[in-house]
Amino acid sequence: MGTLLQDLRFAIRSLRKAPAFPLAAIATLALGIGATTAIFSTLNAVLLKPLPYPNPGDLYGIRTNLTDGRVTTGLLSGAEIFRLNAPNLSIERAAGLQAFDATLLINEDPHHVRINGVTEGFFELFGLPMTLGGFTADQFAVNAPPPPGAAPQQGAPQPIVISYRVWRDLFNSDPGIVGKPLRLAEFPAVIQGVAPKDFDTPHDGDYWTSQRVRQDDPNHGQEAFMRLKPGTTIERANSEMAVVMAGLAKDFPNADLNREYKTKSLVSTIVGDLGSMLIIVMSATGLLLLLACVNVTNLMLARGAARAREMAVRVALGAGRVRIIRQLLTESVLLAAVGAALGILVAWLGVRALMSLGASKLPRLDAVTFDGSVLVFTLLVLAVTGLLVGFAPALRLASTDVRTLMNESSRSTSGGRSTARWLSAMTVAEIALAIVLVAGAGWLVRSFATLRSVDPGFVAEKRVIFDVTLPGQKYGTPDAVRAATTDLMERVGAISGVTSVGTTSSYPLRGTLESNLVLQIHGEPLDEAHPGTTRQRFASATVFEAMGTKLVQGRWFNGDDRPDTTPVAVVNRTFAKRYLAGRDPIGVQFSAGYPRPNPQLEVTIVGLIDDIRQKALGEEAEPAFYTPTTQPFLGQQAVRRFTVVVATSSDDPTSVQPAIREAMKAQDPQIAIDFEEVTELVSGTIRRQQLGMTLMLIFGGVAVLLAAVGIYGVVAYAVSQRRDEMATRLALGASPVGVFWLVMKQGGLLAVIGTVIGLSVAYLSGKLVSSTQLYAVNASDPAMLTAAIVVVAGIAALATMIPAWRASRLNPARALHPE
């Protein structure tokens with residue numbers, strides 16, 4: 001310990017003598033360590049930090065796929081969930097969730113709320129004790145249940161569990177809250193309990209109600225979750241679930257249960273592709289940190305050459321190789337420690353910047369903390385960085401004999417060749433790493449730009465949307481619902497600045513649950529093995545105009561499309577292309593239903609519209625047809641919950657919001673209104689891609705800067721070592737231009753080698769991620785690879801040009817005078 005403290009004191013004195021070197025090294029390491037720590041802290045919050053449930057590794061989300069490849073929602077039926085609760089399985093418990101909108105009245109003011117209908121055992125599945133109360137078994141008993149997704153029917157008050165947050169903020173943590181009424185516009189409700197404090201499924205959920213689902217219910221509308229029994233592997237559970245699904249298909253041959261269960265850890269279910277995006281960015285920060293280490297290594301190698309006489313004296317006095325290595329590693333670890341301390345500050349500022357860029361709106365990123373895991377990670381990075389930056393210089397000096405060290409301290413060029421080779425190798429590594437990072441940034445920029453340029457099938461500018469739910473208590477008949485909807489559109493349409501208004505059951509990019517129906521074209525046989533499927537949506541006559549969707553052929557809906565007239569539909573391009581094989585779609589009749597279409601309920605196509613990207617900008621449109629809200633379809637007499645689309649003439653669509661709110665209040669003061677700008681909706685769907693692109697651009701820029709500094713330092717060091725040679729060349733008649741290009745040639749050779757290596761690594765890395773993480777981008781895209789080469793080569797040329805110009809301007813007399 002005494003020797004270590006002695007080495008530490010000597011390192012501090014040594015670094016203080018030449019402050020430029022430690023300041024440059026510390027700043028470089030702080031940047032690399034800070035960026036790496038910031039991204040790790042977000043990765044830790046998203047993927048590594050345990051969920052707030054006991055044994056969270058045993059929790060999984062469940063989806064289903066159709067085995068014949070047809071499109072499906074992936075949701076589960078009540079029967080599929082019930083069978084997973086068989087006691088002989090490796091599953092401890094399975095439960096489902098199905099959400100619907102309602103209106104909460106607080107001091108007569110209406111507020112939109114999301115009610116999560118859950119099946120029996122939902123809270124027990126997650127393993128946290130209830131704060132107060134809870135559901136009872138009889139509240140899940142089946143007794144004339146409402147249709148899937150519909151609000152509970154009139155009668156006894158519906159039991160509601162509220163979140164800890166609502167209990168604290170809305171009811172002042174009232175310990176006697178259980179049994180008190182909850183004022184919902186749609187149905188009577190009573191508070192049955194308070195959820196656990198840390199419970200967060202679904203994210204930001206505040207209200208849960210018991211869902212009465214039959215054990216033989218074939219309708220797929222449930223988000224499903226399960227917990228494995230202790231010690232059970234997911235592979236064993238998956239094999240058992242396959243047997244369960246086979247039994248369901250056998251017991252319900254007419255329910256279209258040719259499906260398979262698909263499981264995913266609950267963390268992966270929550271974060272989706274955000275986790276993989278952060279892993280990519282984390283890999284990029286690792287490369288950036290490596291680049292910073294290479295830069296500092298170059299600085300230490302150059303400094304080591306200047307300290308050759310010191311090392312020679314140490315060796316002559318009896319210092320062993322291990323002793324010299326320990327002294328040099330002490331210096332590098334000291335630099336890394338100070339860099340890590342500043343890096344934590346850089347990381348904190350970086351995380352704050354990420355939050356301001358919109359990361360806080362992404363799953364599990366609402367609170368990014370520097371906890372023990374982040375601290376341990378930073379300490380590990382500190383140790384590894386200290387060893388990386390100190391190892392090469394220490395090995396270089398400790399493995400050289402006294403004579404060579406003495407030569408390196410002289411003006412002779414013979415002794416510094418070994419150091420020059422080390423520096424050249426480090427420079428090649430810098431260029432290769434810079435190529436990889438710049439290419440990665442270019443790919444993400446291209447992917448994001450391509451995604452932004454996708455035609456979504458509707459216009460986002462100058463439009464706002466808001467949801468409306470018409471409670472059954474007040475609007476009890478289909479005629480009342482249609483009259484209220486018509487009144488609403490007339491009131492909103494009369495507002496100054498509003499150019500058009502319409503309603504739809506499923507606005508794009510909002511993740512609304514949609515029907516996926518089996519399709520049969522009139523006059524064509526139904527393919528029982530591989531039937532066609534299509535999405536079905538309700539739309540008002542004016543909604544396509546309000547959305548800005550193009551009519552390709554035929555007509556929109558109009559006033560003649562009434563309940564007593566021929567049922568009609570508008571289809572999208574994908575529907576016509578896939579199922580009509582080039583035929584004129586206008587006038588074609590088809591039926592749709594589930595699990596089989598009903599030929600007695602046919603509709604006639606009257607219009608063809610452009611495709612609308614419904615799920616995401618990066619996903620192609622699915623076959624879809626729209627039916628008018630004024631006509632019943634498959635027993636749906638009236639649409640009580642819908643989205644109102646308002647197109648305005650103003651560049652600021654929020655300017656009409658106060659007038660819309662007043663118009664809605666005049667119609668029905670108990671209808672809650674929450675506005676959303678369509679441009680914000682579209683931007684929100686690509687926020688994670690934008691975040692990844694922004695980070696990679698920053699990393700790419702820093703990589704280029706570090707590479708430029710590193711290349712400049714290496715070439716400048718090489719020129720200083722060859723100063724006498726350059727002066728002699730000039731004295732013997734060499735032209736300044738010739739000397740200039742001599743130095744440029746040296747830097748150019750390093751750049752070519754580094755570029756070849758960097759391109760190879762970039763191409764292989766791009767192949768790994770382009771198929772899944774990048775939208776419409778090829779890893780071998782010549783434009784991106786060429787751009788990366790041009791950027792890095794340009795910076796390398798500029799960094800080489802400065803010392804080359806200085807070498808060409810040497811005064812031979814002055815340079816050779818000391819000799």
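The values are calculated or read from the model by the stated rules, or taken from the named source; none is laboratory data. As the structure is a prediction and not an experimental result, all values here were calculated from the model. All Cβ positions, glycine included, derive from the backbone under ideal geometry; neighbour counts span all protein chains shown. Protein only, heavy atoms only, side chains kept; ligands, DNA and RNA dropped before computing areas. Shrake-Rupley method; radii C 1.70, N 1.55, O 1.52, S 1.80 Å.
Here Ala815 passes the criteria (1) closer than 28 Å to Trp422 by Cα; (2) modelled with pLDDT of 80 or more; (3) aliphatic (A, V, I, L, M) except the one numbered (2).
What do you reckon, is Phe625 in a strand (DSSP E or B) and under 37 Å from the mean Cα position of the chain (by Cα)?
Working: in a strand (DSSP E or B): yes; under 37 Å from the mean Cα position of the chain (by Cα): yes.
Against the criterion (in a strand (DSSP E or B) and under 37 Å from the mean Cα position of the chain (by Cα)), Phe625 qualifies.
Of the residues making up the stretch 732-749, those that are assigned to a helix (DSSP H, G or I) and either of a type in the set (D, E, K, R) or open to solvent by less than 60 Å² (accessible area, probe 1.4 Å) (or both) are Gly738, Val739, Phe740, Leu742, Val743, Met744, Lys745, Gln746, Gly747, Gly748.
Against the test of being at pLDDT 90 or above, closer than 16 Å to His203 by Cα and out of contact with any His (no Cβ under 7 Å at 6 or more places or on another chain), the options Ala137, Ala99 yield a single qualifying residue, Ala99. Looking only at residues in the stretch 60-98 that are assigned to a helix (DSSP H, G or I) and touching a Lys or Arg at 6+ places or on another chain (Cβ under 9 Å), which one is surrounded by the most Cβ atoms within 10 Å (Cβ to Cβ)? Ranking the qualifying residues of the stretch 60-98, first place goes to Glu80. The set of residues from the stretch 346-365 being modelled with pLDDT of 75 or more and at positive phi comprises just one member, Arg364. Which residues, taken from the stretch 571-585, are under 17 Å from Ala624 (Cβ atoms) and open to solvent by 20 Å² or more (accessible area, probe 1.4 Å)? Result: Arg573, Thr574, Lys577, Arg578, Tyr579.
Looking at Leu274, Leu291, which one is modelled with pLDDT of 80 or more and in contact with a helix residue (DSSP H, G or I) (Cβ under 8 Å, 6 or more places away or on another chain)? Before the answer, list the steps.
Working: Leu274 fails: modelled with pLDDT of 80 or more.
None of the others qualify; the one that does is Leu291.
Regarding Ala420, is this residue at pLDDT below 85 and in contact with a helix residue (DSSP H, G or I) (Cβ under 7 Å, 6 or more places away or on another chain)? Judged against the criteria, Ala420 is a match. Criterion first (open to solvent by 10 Å² or more (accessible area, probe 1.4 Å) and closer than 27 Å to Thr469 by Cα) does Glu124 satisfy it? The answer is no for Glu124.
From Gln614, Gln636, grab the single residue that is under 32 Å from the mean Cα position of the chain (by Cα), polar (S, T, N, Q) and either modelled with pLDDT under 90 or at negative phi (or both).
Details: Gln636 fails: under 32 Å from the mean Cα position of the chain (by Cα).
Every option except Gln614 fails the conditions.
Quick check on the stretch 537-567: of everything there that is assigned to a strand (DSSP E or B) and open to solvent by 10 Å² or more (accessible area, probe 1.4 Å), which residue is nearest to Tyr507 (Cα to Cα)? Among those that are assigned to a strand (DSSP E or B) and open to solvent by 10 Å² or more (accessible area, probe 1.4 Å), it is Phe538. Residues in the stretch 248-286 that are touching a Lys or Arg at 6+ places or on another chain (Cβ under 7 Å) and farther than 30 Å from Val436 by Cα: Leu248, Lys262, Ile270.
Per-residue answers, yes or no, for (1) out of contact with any His (no Cβ under 6 Å at 6 or more places or on another chain); (2) surrounded by fewer than 17 Cβ atoms within 10 Å (Cβ to Cβ); (3) of a type outside the set (D, E, K, R); (4) part of a loop (DSSP other than H, G, I, E, B):
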{"residue": "Pro658", "(1), (2), (3), (4)": "yes, yes, yes, no"}
{"residue": "Lys665", "(1), (2), (3), (4)": "yes, yes, no, no"}
{"residue": "Ala672", "(1), (2), (3), (4)": "no, no, yes, yes"}
{"residue": "Val682", "(1), (2), (3), (4)": "yes, no, yes, no"}
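Inclusion of Ala189 among residues that are free of Cβ contacts under 8 Å to residues at least 40 places away in the same chain and open to solvent by less than 40 Å² (accessible area, probe 1.4 Å) is warranted. Inside the stretch 515-533, residues that are closer than 22 Å to Ala638 by Cβ and touching an Asp or Glu at 6+ places or on another chain (Cβ under 9 Å) make up a count of 1. Taking the numbered list (1) surrounded by 14 or more Cβ atoms within 10 Å (Cβ to Cβ); (2) touching a residue at least 24 places away in the same chain (Cβ under 8 Å); (3) more than 28 Å from Gly472 (Cβ to Cβ) in turn, Asp174 passes all entries but (2).
Can you find even one residue in the stretch 35-57 that is in contact (Cβ under 8 Å) with a residue 40 or more places away in the chain, assigned to a strand (DSSP E or B), among the charged types (D, E, K, R) and open to solvent by 20 Å² or more (accessible area, probe 1.4 Å)? Working first, answer last.
In the first step, residues of the stretch 35-57 are kept if they are in contact (Cβ under 8 Å) with a residue 40 or more places away in the chain; the result is 35-49, 51-57.
Filter once more, keeping what is assigned to a strand (DSSP E or B): none.
No, because not a single residue in the stretch 35-57 is in contact (Cβ under 8 Å) with a residue 40 or more places away in the chain, assigned to a strand (DSSP E or B), among the charged types (D, E, K, R) and open to solvent by 20 Å² or more (accessible area, probe 1.4 Å).
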